Every structure is written in structure tokens, then in C-alpha cells.
Amino acid sequence: MSVGKVLRTVYRLGWVTFFALVTVKIFVDLPFAWYWIWLPAVLSLAIAVSGSVRIRLAQREHPREAVEIAAPVRGRWSALNSPADRTPSHGTHGYGQTYAIDVVAEPEEGARPGFRALWPVVRRNRDFPAFGEPLLAVADATVVHVEDRQRDHLSRNSLPAVIYMLLVEGSFRDIGGVRKVLGNHVVLDLGDGVFAAYGHLERGSLAVRTGDQVQEGQLIARCGNSGNSSEPHLHFQLMDGPDADTAVGIPFSWRGVGVPRNGEAFIVAKTGESCTVEKPEEPDRPEQPEKPVPDDIAAP
């Protein structure tokens, strides 16, 4: 077991110990001062921060060029949490997510249910056009890991549901590790030390098994809402190892699309056909009158 894996295990044990001590303290007096309860939490936070620093230093010392691959979806989709806007795109270098991207299916503008402050608190997955959409291999590759046992839960796209996901559910999923965060997922070995991870897949939809050889464009699974997910979508990332617990993220570029920015819609047609990116519409601005050119700098 690598040092990184050991530290991730200690990280999770620290949080488990912290929550256990807090629970016990509610019912009985502990034989030590209350502030010692925070020691496991502080240890876990220190491991998380040091791990993030280690990954960032590794990326600076050994920068990687963006790997060009095919897009994993077909049709019209929109980008969220894109590395084109910031890195790390999901606010953390953990789980190899530095250059990860989320994409949601929007066959047309407004087809995807929007965020609601209070009601409905949750929605069924079938209300979202991304649910059940086919996900394709981005290159010729070998399947090195699959997970298909996590349920597809209801959406978390209302204010109460988001608060619950961020403050409660997300914390416990983090303790559960990669399988609880990414949910059902597939990892492909693209060769040359590059691995592609697909997260939040629909349970029972995997069309591949560990050891399978896949061709670019081949169906590998369908989009779901498992793991730490607010709504049905695909979480996609490249990384330098098969285990997201210890891997470092690698930048990518989808052939014909590039890396869409947050809010950008992109259309990926069938293999061999053109791809397009739709920029978000900007509000109309009133025309500004032309400013007179000062005589001393006027064109001759």
C-alpha cells in the first residue's frame, strides 16, 4: 500500500473517530477534556491540506500538456464546474479532480429543470434529460476498474437539498471514499500513463467489465445520479493513475470541442461529423455613440 493510500485511510479514520467521540459525548462524560475531541478532525484536515499541496507541487514540477481525446457524449450538453474557468475545477485537487468537468444534457434551452429555492425539494431522475443518456469511450482503451452497486438517488437541486448535500451527505460520502463520491464509475487506461474516469453512472447500465478492451466511441455506460451528485450528469476527468484516491489530475481537450466553459452549450454529432460550441448569450447592450477623435491624433 502506497504512502498516499495510507494517508487517505488515516484521513477517513480521523473523521470517523471525531464523529464517534462527538456522539458519545452527547450521552456520557468522556475521561478527558472536551477539546481533545477535535484532535482527530485536526489531523484529518492537516492530511487533506498537505495532500493538496503535494499534488499542486507535483503539477508545477511536472506540468502535463492537455491530452486530446474524443468527447464522451453525443448531442447537446452544457458544461458545469469547468477547468476552463478555474482550477481546481471542483475546489479540490483530491480524487484527481483538478481538471474534472461536469456536463448535463440539454437537448434544447430550458429542457433541464432549473434550481428551485424551496419547492420541489427533490425531483425524480427521469425529469432530467441526462438520465440514461449513453456515455462513450473517449479513446481506444482498457477497462481497469468498474463500480456498479450504488443507487441513483433523487436530485439535490433545491436550497434545502443542497444544504443537506454539502453539510451532511457530502461529508459522509467523503469518509466512504472514491466509490461513495463518484458513485458508479468506470476507469479506462488510455495508455502513456493517462486514465479516464467517468462518475455518477446509472446503476445497472455498465456495458463493460474490468479487463475489457474498448474502442473509441463504444458504449461503456449510461448517465446516472449516483454518488455525491446534485442531479443526473456526467463527471469526467483524466488522471495519472487508476486510483482516484492517490492520482493527480491531467488536463484534457475534447476533439472538435476543446474545453467548454461554465454555461457553454456544446453539440457533439455522430462520429465523423462536426462539433460545435454555443457561447452563452450576452445581454443586449445599447449602442454607444462614437467618440470624436481629437484633432491632434486624427488620422492624416
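The values are calculated or read from the model by the stated rules, or taken from the named source; none is laboratory data. Predicted, not measured: the structure shown is a model, and the values here were computed from it. When we count neighbours, we look across all protein chains shown, and the Cβ atoms used for this are built from the backbone with ideal geometry, even at glycine. We work out accessible area using only protein heavy atoms, side chains counted, and drop any ligands, DNA or RNA first. Shrake-Rupley method; radii C 1.70, N 1.55, O 1.52, S 1.80 Å.
No other residue among G241, G256, G249 is open to solvent by 30 Å² or more (accessible area, probe 1.4 Å), small (G, A, S) and more than 25 Å from F115 (Cα to Cα) apart from G256. I'm checking my understanding of the structure. Among residues of the range 46-56 that are β-branched (V, I, T) and without any contact (Cβ under 8 Å) to a residue 60 or more places away in the chain, which one is surrounded by the most Cβ atoms within 10 Å (Cβ to Cβ)? Once the filter is applied, the top-ranked residue is I47. Could you tell me whether any residue of the range 77-97 is open to solvent by 40 Å² or more (accessible area, probe 1.4 Å), closer than 19 Å to S171 by Cβ and aliphatic (A, V, I, L, M)? No, because not a single residue in the range 77-97 is open to solvent by 40 Å² or more (accessible area, probe 1.4 Å), closer than 19 Å to S171 by Cβ and aliphatic (A, V, I, L, M). Just one of the listed residues (R203, R179) is part of a loop (DSSP other than H, G, I, E, B) and either open to solvent by less than 60 Å² (accessible area, probe 1.4 Å) or out of contact with any helix residue (DSSP H, G or I) (no Cβ under 7 Å at 6 or more places or on another chain) (or both), namely R203. Candidates are the residues of the range 138-168 that are of a type in the set (D, E, K, R) and more than 14 Å from E231 (Cα to Cα); the one that is least open to solvent (accessible area, probe 1.4 Å) is E147.
Would a scan of the range 125-133 turn up a residue that is within 17 Å of the chain's Cα centre (by Cα), at pLDDT 95 or above and hydrophobic (A, V, I, L, M, F, W, C)? Yes: one or more hits.
Does the range 172-206 hold any residues that are over 22 Å from A247 (Cβ atoms) and at pLDDT below 95, and which are they? Before the answer, list the steps.
At the first step, the residues of the range 172-206 found to be over 22 Å from A247 (Cβ atoms) are 172, 202-205.
Matches in the range 172-206: F172 only.
With respect to the conditions (1) out of contact with any Lys or Arg (no Cβ under 9 Å at 6 or more places or on another chain); (2) of a type in the set (A, V, I, L, M, F, W, C); (3) modelled with pLDDT of 50 or more, V293 falls short on a single one, namely (3). Considering every residue within the range 187-194, establish whether at least one is touching a residue at least 12 places away in the same chain (Cβ under 8 Å), out of contact with any Cys (no Cβ under 9 Å at 6 or more places or on another chain), part of a loop (DSSP other than H, G, I, E, B) and of a type outside the set (F, W, Y). Checked against the condition, which is being touching a residue at least 12 places away in the same chain (Cβ under 8 Å), out of contact with any Cys (no Cβ under 9 Å at 6 or more places or on another chain), part of a loop (DSSP other than H, G, I, E, B) and of a type outside the set (F, W, Y), the range 187-194 yields at least one hit. Close Cβ contacts (under 9 Å, 6 or more residues apart or on different chains) running from residues in the range 34-45 that are without any contact (Cβ under 8 Å) to a residue 24 or more places away in the chain and farther than 13 Å from A20 by Cβ to residues that are of a type in the set (K, R) and open to solvent by less than 90 Å² (accessible area, probe 1.4 Å) comprise W34/K25.
May I ask you to verify whether R126 is farther than 22 Å from G249 by Cβ, open to solvent by 50 Å² or more (accessible area, probe 1.4 Å), of a type outside the set (G, A, S) and part of a helix (DSSP H, G or I)? Step through it out loud before you land on a result.
Numbers: farther than 22 Å from G249 by Cβ: yes; open to solvent by 50 Å² or more (accessible area, probe 1.4 Å): yes; of a type outside the set (G, A, S): yes; part of a helix (DSSP H, G or I): yes.
For R126, the condition - farther than 22 Å from G249 by Cβ, open to solvent by 50 Å² or more (accessible area, probe 1.4 Å), of a type outside the set (G, A, S) and part of a helix (DSSP H, G or I) - is met.
If the condition is being in contact with an Asp or Glu (Cβ under 9 Å, 6 or more places away or on another chain) and modelled with pLDDT under 95, then the range 90-104 contributes H90, G94, Y95, G96.
Might you let me know whether the range 59-72 holds any residue that is open to solvent by less than 80 Å² (accessible area, probe 1.4 Å), assigned to a helix (DSSP H, G or I) and without any contact (Cβ under 8 Å) to a residue 40 or more places away in the chain?
In the first step, residues of the range 59-72 are kept if they are open to solvent by less than 80 Å² (accessible area, probe 1.4 Å); the result is 59, 66-67, 69-72.
Those still in the list that are assigned to a helix (DSSP H, G or I) too: 59.
Narrowing the set further to residues that are without any contact (Cβ under 8 Å) to a residue 40 or more places away in the chain leaves none.
Among the residues of the range 59-72, not one is open to solvent by less than 80 Å² (accessible area, probe 1.4 Å), assigned to a helix (DSSP H, G or I) and without any contact (Cβ under 8 Å) to a residue 40 or more places away in the chain, which makes the answer no.
Filtering the range 17-45 to residues that are open to solvent by less than 60 Å² (accessible area, probe 1.4 Å) and not in a helix (DSSP H, G or I) leaves L30, A33. For F115, the criteria (1) surrounded by fewer than 16 Cβ atoms within 10 Å (Cβ to Cβ); (2) closer than 23 Å to D243 by Cα; (3) not β-branched (V, I, T) hold in every case but one, which is (2). You will find that of G263, G227, the residue that is open to solvent by 40 Å² or more (accessible area, probe 1.4 Å) and in a loop (DSSP other than H, G, I, E, B) is G263 and no other.
Go through the range 2-23 and count every residue that is hydroxyl-bearing (S, T, Y) and more than 27 Å from the chain's Cα centre (by Cα). Give the steps one after another, and end with the answer.
Taking the range 2-23 and keeping what is hydroxyl-bearing (S, T, Y), we get 2, 9, 11, 17, 23.
The next check asks that each one be more than 27 Å from the chain's Cα centre (by Cα); those that pass are 17, 23.
Matching residues across the range 2-23 total 2.
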